[in-house]
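Participant: Before anything else, here's the structure in question.
The values are calculated or read from the model by the stated rules, or taken from the named source; none is laboratory data. In this text, all values refer to a predicted model and were calculated from it rather than measured experimentally. Quick reminder, even Gly has a Cβ in these numbers, built from the backbone with ideal geometry, and neighbours come from all protein chains shown. Quick note on the areas: whole protein, heavy atoms, side chains included, nothing else; ligands and nucleic acids left out. Shrake-Rupley method; radii C 1.70, N 1.55, O 1.52, S 1.80 Å.
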Amino acid sequence: MSKRDYYEVLMVEKTVSEDGLKKAYRKLAMKYHPDRNPGDKSAEEQFKEISEAYEILSDEKKRAIYDQYGHEGLSRGGGGGGAGGFADIFGDVFADIFGGGGGGRGGPRRGADLRYMMELTLEQAVFGSTENIRIPSWDECEACHGHGTADGKKPPTCTTCRGSGQVRVQQGFFVLQQTCPNCRGRGTTVTDPCKSCRGAGKLRREKTLEVKIPPGVDTGDRIRLSGEGEPGEAGAPSGDLYVQINVKPHEIFERDGNDLHCSMPISVVTAALGGTLEVPTLEGKIEIDVPEGSQSGKQFRLRGRGVRSVRTAGPGDLYCTVFVETPVRLNKQQKELLRQFGETLDKEGAKHHPETSSWLGKAKKFFDDLTT
């Protein structure tokens with residue numbers, strides 16, 4: 001099954017800015033996050049798809065390759081990041097045209113970049129933390145001292161490329177330089193491979209890395225660990241490890257850039273008479289004054305109680321929206337008192353119910369217009 005267009009996956013135009021791309025990803029990631037859709041395989045697949053799309057389009061080099069060559073360009077090596085993305089594709093295209101084989105870049109290849117998806121709580125993202133992660137790694141084979149040979153000695157130089165790892169091939173008027181087909185760019189040939197590593201010279205292991213999370217990171221941010229990706233061939237540089245951040249949904253707060261939003265219930269009595277309300281923040285509780293006659297949807301702005309982003313100096317704000325909770329499970333006495341209270345309100349109509357009176361006036365005019 002062919003992959004969908006990455007821009008279509010993130011529901012953005014091809015001209016979308018970096019900031020717009022991040023906002024689109026954050027919105028979709030929050031919607032399809034596994035924590036918000038437990039057991040939903042479809043949501044899980046969509047979350048993986050949008051994460052892959054963002055991982056490519058948020059990287060300037062990979063996005064340029066994708067815009068020019070599409071998924072095919074990335075599959076040819078452009079998605080690996082690091083050195084040689086465009087060079088690999090350029091070389092492959094010429095090799096296809098003139099019938100050559102192998103990649104367009106000679107010599108040992110740089111190791112591929114790796115991606116690690118790290119999930120953080122909102123508190124960890126806001127205040128920063130230090131996390132340990134375990135990733136696959138490669139260690140030098142002790143049996144052959146990294147040479148890949150059964151006797152542990154350095155393997156002989158490749159006779160085809162004479163140790164350069166590259167060969168020159170003439171195709172008509174063109175002379176192409178390609179990876180040596182005999183040694184695959186290593187410059188040496190192993191005729192009797194080591195039994196422990198099967199000639200690779202290295203063994204797969206796991207290692208633990210310490211990742212320092214700076215305060216203020218958000219979903220979609222990436223932390224680069226240079227040289228912690230896959231090892232290169234025959235001594236070539238290792239790739240990089242990109243730790244991609246996904247912030248888990250919070251029970252109380254929802255983040256929007258540097259701002260935080262929360263909703264809180266208030267009683268009918270507090271809404272009508274006013275009072276104080278304890279509002280939670282990431283740094284503890286604070287009290288705010290609720291004015292008399294507050295309605296559902298009233299929003300309170302708490303300046304500086306939001307998030308201090310890694311990209312901005314000042315913190316955002318906390319927006320607390322209140323909604324009036326209707327009391328339930330009333331006893332007989334409470335119901336009777338409420339009826340009596342309601343009768344006193346009805347006697348003075350619009351004085352106590354301005355919104356209701358306004359709405360009723362609009363509704364009456366609407367029906368009058370229908371009958372005329």
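Participant: Going through the stretch 20-35 one residue at a time, which ones are over 13 Å from the mean Cα position of the chain (by Cα) and either assigned to a helix (DSSP H, G or I) or over 18 Å from Q244 (Cβ atoms) (or both)?
Facilitator: G20
Participant: Suppose we keep only residues that are assigned to a loop (DSSP other than H, G, I, E, B) and at pLDDT 80 or above within the stretch 224-236. Which one would you say is surrounded by the most Cβ atoms within 10 Å (Cβ to Cβ)?
Facilitator: Across the stretch 224-236, the extreme among qualifying residues is G229.
Participant: Which residue pairs have Cβ atoms under 7 Å apart, sit 6 or more places apart or on different chains, and have a first residue in the stretch 16-41 that is surrounded by fewer than 17 Cβ atoms within 10 Å (Cβ to Cβ) and a second that is not in a helix (DSSP H, G or I)?
Facilitator: Short answer, once both residue conditions are applied: G20/V12; D35/K248; D35/P249; R36/P249.
Participant: Now for a separate question. For R339, only one of the following conditions fails: (1) under 22 Å from E251 (Cβ atoms); (2) of a type in the set (K, R); (3) not in a strand (DSSP E or B). What is its number?
Facilitator: Unmet for R339, out of (1) under 22 Å from E251 (Cβ atoms); (2) of a type in the set (K, R); (3) not in a strand (DSSP E or B): (1).
Participant: While we're here: Can you run down the residue pairs with Cβ atoms below 8 Å, 6 or more apart or on separate chains, where the first is in the stretch 66-79 and closer than 15 Å to K14 by Cβ and at pLDDT 75 or above and the partner is open to solvent by less than 30 Å² (accessible area, probe 1.4 Å) and of a type in the set (V, I, T)?
Facilitator: Listed pairs, sorted by first residue: Y66/I56; Y69/I89.
Participant: Whether any residue in the stretch 3-14 is aliphatic (A, V, I, L, M), assigned to a loop (DSSP other than H, G, I, E, B), open to solvent by less than 100 Å² (accessible area, probe 1.4 Å) and closer than 25 Å to D113 by Cα is what I want to check.
Facilitator: Yes, because at least one residue in the stretch 3-14 is aliphatic (A, V, I, L, M), assigned to a loop (DSSP other than H, G, I, E, B), open to solvent by less than 100 Å² (accessible area, probe 1.4 Å) and closer than 25 Å to D113 by Cα.
Participant: Out of the residues in the stretch 211-223 meeting the condition of being in contact with a strand residue (DSSP E or B) (Cβ under 6 Å, 6 or more places away or on another chain) and either outside any loop (DSSP other than H, G, I, E, B) or open to solvent by 50 Å² or more (accessible area, probe 1.4 Å) (or both), tell me which one is nearest to H250 (Cα to Cα).
Facilitator: Taking the candidates together, the pick is I213.
Participant: Does the stretch 184-201 contain any residue that is acidic (D, E), part of a loop (DSSP other than H, G, I, E, B) and out of contact with any Lys or Arg (no Cβ under 9 Å at 6 or more places or on another chain)?
Facilitator: Yes, some residue in the stretch 184-201 is acidic (D, E), part of a loop (DSSP other than H, G, I, E, B) and out of contact with any Lys or Arg (no Cβ under 9 Å at 6 or more places or on another chain).
Participant: Mind listing just one residue for me: the one in the stretch 179-200 that is among the charged types (D, E, K, R) and surrounded by fewer than 16 Cβ atoms within 10 Å (Cβ to Cβ) and, of those, farthest from H145 (Cα to Cα)?
Facilitator: Among those residues, the one meeting the criterion is D192.
Participant: Looking only at the stretch 65-77, which residues are within 15 Å of V16 (Cα to Cα) and open to solvent by less than 40 Å² (accessible area, probe 1.4 Å)?
Facilitator: Listed by number, the list holds a single entry, Y66.
Participant: Taking the stretch 266-281 as the search range and keeping residues that are in contact (Cβ under 8 Å) with a residue 24 or more places away in the chain and in a strand (DSSP E or B), which one is most open to solvent (accessible area, probe 1.4 Å)?
Facilitator: S267
Participant: List pairs: first residue in the stretch 118-143 and open to solvent by less than 70 Å² (accessible area, probe 1.4 Å), second residue among the aromatic types (F, W, Y) and part of a loop (DSSP other than H, G, I, E, B) anywhere in the structure, Cβ distance under 7 angstrom, at least six positions apart or on different chains.
Facilitator: These pairs meet every condition: L122/F253.
Participant: Another one. When both residues are 6+ apart or on different chains and their Cβ atoms are under 6 Å apart, which pairs have a first residue that lies in the stretch 210-225 and is within 13 Å of T312 (Cβ to Cβ) and among the charged types (D, E, K, R), and a second that is open to solvent by 10 Å² or more (accessible area, probe 1.4 Å) and at pLDDT 95 or above?
Facilitator: The qualifying pairs do not exist here.
Participant: Out of all the residues in the stretch 306-325, is one or more free of Cβ contacts under 8 Å to residues at least 24 places away in the same chain and over 30 Å from V126 (Cα atoms)?
Facilitator: no
Participant: Could you tell me which of the residues I89, I50 is of a type in the set (V, I, T), assigned to a helix (DSSP H, G or I) and modelled with pLDDT of 85 or more?
Facilitator: Of the residues listed, the single one that is of a type in the set (V, I, T), assigned to a helix (DSSP H, G or I) and modelled with pLDDT of 85 or more is I50.
Participant: Would you point out the residue of the stretch 237-256, among those that are modelled with pLDDT under 95, part of a loop (DSSP other than H, G, I, E, B) and open to solvent by less than 20 Å² (accessible area, probe 1.4 Å), that is nearest to P315 (Cα to Cα)?
Facilitator: Across the stretch 237-256, the extreme among qualifying residues is D240.
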